[in-house]
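Below: the structure, in C-alpha cells.
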Amino acid sequence: MKRNIKVLIVEDSTSTRSMMRSIVEDLGEEYYVYEAGNGFEALKLLPTDNFDLIITDINMPDINGLELINFVKTTPKYKHIPLIIVSTEKTEDDIKRGLALGAEAYITKPFEPDRFQETIQKVLKV
Amino acid sequence: MSSSREEFVSEAEEILNEAQEYLLQLQETISDPSPDALNGLFRCFHTLKGISGLFGFDGLQKLSHSLEDLLDDIRLGRFPVTVNTINFIFKFIDTITNMIKNVKEKDTIDVTSLINEVENFRRTPDESDQQESPLSELVDPEILRVLSEYEEHRLKENIKKKRSIYLIEVIYPLTEFDSQLRELTEKVKELGELISTLPTSEGIPEGSIGFKLLLASDKGSDFIKEATGCNVEEIVPGEDKSPPPVKSEEKTDEKPASSLKSASSTVRVDIEKLDRILNTIGEISLVKGAIKRIEDELIDYFGHSSLIFDIHRINQTLERRLTELQDYVLEIRMVPIGQIFSRLGQIIRRYSREIGKPIELRVFGEDTEIDKFIAEEIVDPLMHIVRNALDHGIETPEERLSMGKPETATITLKAFQKGNHVVVEVHDDGRGIDINKIREKAIEKCIIDKDTEIEDSELIELIFRPGFSTKDSVTEVSGRGVGMDVVREKLSSIGGFVDVKTETGKFTTFSLTIPITLAIIKALLIKVGSHTFALPLTSISETILIKRDEIQSIEGKPVYNLRDDPLPLMPLSEFYRLEVSEKDVIYIVVAGVGERKIGLIVDDVLKGEDIVIKSLGGYFENLKGFAGAAEVGKHEVVLVVDVEAIIEETLKRHKKATMSNV
C-alpha cells in the first residue's frame, strides 16, 4: 500500500474547497483531504495530525493565509510541511509576501485542475 | 439543476446578500468609510469571481473580476468612496443577482459592455496617496512582513489618523484557544480597529499557542490594558484625543429599491440563538407557574370571583401559546439524521480505503429528525463505533473469502423513531465480538473468577467498562483514547443508552437509543426525605404505590414483583445517602425499558412540570447521579436525577449479588 498523503486545504469558499478536494483526491487513493474554512480552523486542525501538505488561500477573515504561513514556517514542529498558496493574480503582492515567508509554491485562481495537480506533485516531489 | 450548480447558486446568492449588507454599512459610514465593510465587500467579489471561474461561468467571472479590481482600489485608498461609487456598485449587485437567477447550463451573456462600464468608472480621476514616513521605521519588520497588502494599508491609514497602534499579546492553551481568542477579538473590536491577528509559536510552551493582535485605537494604553486584561504594548504612539462625538446611530435612509429577492427561502441560524429562545420560554413557563400560584392564593383569600376566573382563563391561554411556541422552536432545531450519516459515510469510505477493507455502506432512515444539539453529541460516539467496526469487527478481504463471506463487507446505518426516542443502529457483518477473548481478558483483569459461569450478554457488557479493551495494539484511528465506556457515558449524559448484539463470525449491531430533544422536558417531581428531585418523564414508564412489606429480597437486594417479573429496586435515599424514611406506604417509579428496567423507591410523588435542565457546571460537573439542575415553582432549585446512571448502578449491584452466589 502506498504511503498516505494528508493534505490540509484552507479556503473560505465552500464550493471552491470542495472542488479543490476532488482535484486533490483525483491524484490517487493515497491522498486524504482535510478541510478548514479559515485560519482559525486550520490552527485547530494542525496539531491533530501529521500533514504532508497545506494548501491555503490568502484572503480570509481574521487569520489570513500569510499569518498562517508565518505560523507554520516559524513553528519547529510544522516548518517542514510544504505550503502552496492559492490566490488570485490580483493579490500578486500578497503572493510575494507569502513566498518570502517560506511558502513553497503558488497557484493563481482560477486554476486548471491539471496545473493544480502538477504543482502539488512538484511540491511533494512525487 | 445539477447539485454542484445548485451549490454554486446558493453560495453566490449568499455572497451577494452579504455584499449588499456591507454596501449599506458603507452608506451609513460614508464620511469615514468602515474598513471592515470595505474589505468585506472586496472579499465578496473576490470569492464570487473565484467560484464563477471554477464553475465555468466565464462572463460572471470576468465581470466580478473587474468589480473586484475597483473595490481593491477603493479599499487600498486609491479610489474615493462617494455616494456615486456606492450607487454604482448597488447597480451591479442587481445586475449580477439577475444573471445568477437566470443562469442556464452555461452563461452566454455578453458582459463586455458591462465590464467596459466598470473600467471607465474606475479610470475617473483618483486622488493620489501622499507619501508617508516609511512604515518600517515605526513598526517591527517582523510584524510587517506578515501583513497582507490590505492590512498594511490599514496600518498606514490609522497612523495617518494619529491613532495609537497597540500590540496585544496573549497565550492560550491549544485545546481551547478559539473560544478565548474569539472572546478577546470581540472585546478588542470595540476598542478600535483590529488590523491583524498573528498566531505565533516562538517562545510559547508546548501545548499552547500565542497570538499578537495589532490594534489601532484612539484610547490610551492604560484603558486598553484594563479593557482587555492582557499584556499591551504601544508600538506607535498616537495623538491624545477626547472621545469622538457619538455618531447618530440609526439612520433610516431608504434603501435603494433593488429586487434582491432570494430564490431560496431559508435562513441559517446559530443554534445558540435558538437555545436562548428556549431558555426564555423556560423562564416564561416559570412566570406562568407564578401566576397560577397567585391565582390559588387569591382564591384562598377572596374565594372565587369573576376577576380570578379571568386570570385563570388568561393563564390557560398563555400556557397553550407557550406550548405552541415551544413546539415551533423545537421543530426548528430538528435536523435530519442524514446529515450525520453523510459525515460518517465519508469517514467510512476514506478509512476503508486506508486500511484496505472494501465496504458497502447502506443507509436507512436518513430523514429521521433529531435535535441538532443531540445530533452533534452523538457524532463522536457513532464515529467511534464505526471505526471500531472497521478496525476490529470487519475481517480482511482474504479472511472473508476463506470464511465463505462476500469479499466486500457491509456496514448498515439505520435510524428510526421509537416513541420519544430515536434509535440509531450501526450494523456490520464482520466477525462479531469474540466472547472468549472478553472472558480471558476479564479473568486476567480479575473482574471475574476463572470458574464463574456468566451469561454471554453479561460478558459483552464488560466492553463498556472503563479501561477494558481486548485489543493489545492500538490502531491509529480507533485507538485515540476513547473507549466504549466513553460512548456509554456520553449517551448517558444526554439521557440515552447503548446496546449491543453480536453473533460470533456473523455480525455486530450497536443500537443507540436517544431522546429526540432535551431542551425543555417534562419531569416528575418526587420527594425523598425532605429533598425534592426531578425525574425526566422520558425515562419513566409508570409509578406504583405499594406497602413497604411488599418489597421482596433476592440475595439481599430489594426487588418488587411487577406483573410476575422481578423488578430490581433502588431506594433513592440509599443511592444519594439521604435519611431513610420509615413510611409504610411508598412509591416505586419504574424507569428504563426492556431488560434495563428498574424501580426507584421514593417517598412521595408530587407533580409533573416542564423543566429546563441547566448544567451544574464547573466543580460539580462530574458529580455522579445528577443530570443537572432546574428551577421550579417559587424560585426553588431542584436537582435532576440522572436516571441512566442509577439504572447502571442498580443493575450492577444486582448482578454482583447474583454472580457471587452462583
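Quickly run through region A:24-33 and pick out the residues that are at the interface with chain B (Cβ under 10 Å from one of its Cβ atoms) and either surrounded by fewer than 19 Cβ atoms within 10 Å (Cβ to Cβ) or part of a loop (DSSP other than H, G, I, E, B) (or both).
Matches in region A:24-33: A:Glu25, A:Glu29, A:Glu30.
Can we say B:Thr538 is under 30 Å from B:Leu322 (Cβ atoms) and in contact (Cβ under 8 Å) with a residue 60 or more places away in the chain?
yes
Is there any pair linking a residue in region B:331-347 that is at positive phi and part of a strand (DSSP E or B) to one that is loosely packed, with under 15 Cβ neighbours inside 10 Å and of a type in the set (Lys, Arg), with Cβ under 7 Å and at least six apart or on different chains, and which?
Within 7 Å, no pair qualifies.
Among the residues of region B:443-457 satisfying the criterion of being more than 22 Å from B:Ala389 (Cβ to Cβ) and part of a helix (DSSP H, G or I), which is most open to solvent (accessible area, probe 1.4 Å)? Steps first, answer last, please.
Within region B:443-457, the first condition is being more than 22 Å from B:Ala389 (Cβ to Cβ), and the residues that meet it are B:443-455.
When the remaining residues are screened for being part of a helix (DSSP H, G or I), the result is B:443-444.
On the way: B:Ile443: 52, B:Glu444: 129 Å².
Looking at the filtered set, the residue picked out is B:Glu444.
Pairs please, first residue from region A:37-48 and part of a helix (DSSP H, G or I), second anywhere and of a type in the set (Ser, Thr, Tyr), Cβ atoms under 7 Å, 6+ apart in sequence or on different chains.
Pairs found: A:Leu45/A:Tyr34; A:Leu46/A:Tyr78.
Select from region B:283-309 the residues that are part of a helix (DSSP H, G or I), without any contact (Cβ under 8 Å) to a residue 24 or more places away in the chain and open to solvent by less than 60 Å² (accessible area, probe 1.4 Å) and list them in ascending order.
Residues satisfying the conditions are B:Glu295, B:Leu298, B:Ile299, B:Ile308.
Test of understanding: among B:Glu7, B:Glu18, B:Glu11, B:Glu68, which residue is within 14 Å of chain A (Cβ to nearest Cβ) and surrounded by fewer than 17 Cβ atoms within 10 Å (Cβ to Cβ)? Before you say what the answer is, go through the steps one by one.
Values: B:Glu7 fails: surrounded by fewer than 17 Cβ atoms within 10 Å (Cβ to Cβ); B:Glu11 fails: surrounded by fewer than 17 Cβ atoms within 10 Å (Cβ to Cβ); B:Glu68 fails: surrounded by fewer than 17 Cβ atoms within 10 Å (Cβ to Cβ).
B:Glu18 is the lone residue from the list that is within 14 Å of chain A (Cβ to nearest Cβ) and surrounded by fewer than 17 Cβ atoms within 10 Å (Cβ to Cβ).
In region A:80-100, which residues are part of a loop (DSSP other than H, G, I, E, B) and at pLDDT below 90?
As a first pass, look at region A:80-100 and keep what is part of a loop (DSSP other than H, G, I, E, B): A:80-82.
None; the set is empty.
Given the structure, is B:Ile348 within 14 Å of another protein chain (Cβ to nearest Cβ), under 24 Å from B:Arg488 (Cβ atoms) and crowded, with 16+ Cβ neighbours inside 10 Å?
Details: within 14 Å of another protein chain (Cβ to nearest Cβ): yes; under 24 Å from B:Arg488 (Cβ atoms): yes; crowded, with 16+ Cβ neighbours inside 10 Å: yes.
Against the criterion (within 14 Å of another protein chain (Cβ to nearest Cβ), under 24 Å from B:Arg488 (Cβ atoms) and crowded, with 16+ Cβ neighbours inside 10 Å), B:Ile348 qualifies.
Return the only residue of A:Ile58, A:Ile5, A:Ile54 being crowded, with 18+ Cβ neighbours inside 10 Å, under 21 Å from A:Gly102 (Cβ atoms), touching a residue at least 24 places away in the same chain (Cβ under 8 Å) and in contact with a Lys or Arg (Cβ under 9 Å, 6 or more places away or on another chain).
The conditions single out A:Ile58.
B:Pro141: closer than 30 Å to B:His46 by Cβ, out of contact with any helix residue (DSSP H, G or I) (no Cβ under 6 Å at 6 or more places or on another chain) and either within 14 Å of chain A (Cβ to nearest Cβ) or modelled with pLDDT under 85 (or both), yes or no?
Yes, satisfied.
Restrict the check to region B:54-64 and report whether at least one residue is closer than 18 Å to B:Leu114 by Cα, touching a residue at least 12 places away in the same chain (Cβ under 8 Å), away from every other protein chain (no Cβ under 13 Å) and surrounded by 20 or more Cβ atoms within 10 Å (Cβ to Cβ).
Among the residues of region B:54-64, at least one is closer than 18 Å to B:Leu114 by Cα, touching a residue at least 12 places away in the same chain (Cβ under 8 Å), away from every other protein chain (no Cβ under 13 Å) and surrounded by 20 or more Cβ atoms within 10 Å (Cβ to Cβ), which makes the answer yes.
Criterion first (more than 9 Å from every other protein chain (Cβ to nearest Cβ), touching a strand residue (DSSP E or B) at 6+ places or on another chain (Cβ under 8 Å) and under 21 Å from B:Thr200 (Cα atoms)) does A:Ile95 satisfy it?
Details: more than 9 Å from every other protein chain (Cβ to nearest Cβ): yes; touching a strand residue (DSSP E or B) at 6+ places or on another chain (Cβ under 8 Å): yes; under 21 Å from B:Thr200 (Cα atoms): yes.
So A:Ile95 fits the description; yes.
The values are calculated or read from the model by the stated rules, or taken from the named source; none is laboratory data. None of the values given here were measured: they were computed from a predicted structure. All Cβ positions, even for glycine, are placed from backbone atoms using ideal geometry, and neighbour counts span all protein chains on display. Just the protein is used for accessible areas: all its heavy atoms, side chains included, with ligands, DNA and RNA removed. Shrake-Rupley method; radii C 1.70, N 1.55, O 1.52, S 1.80 Å.
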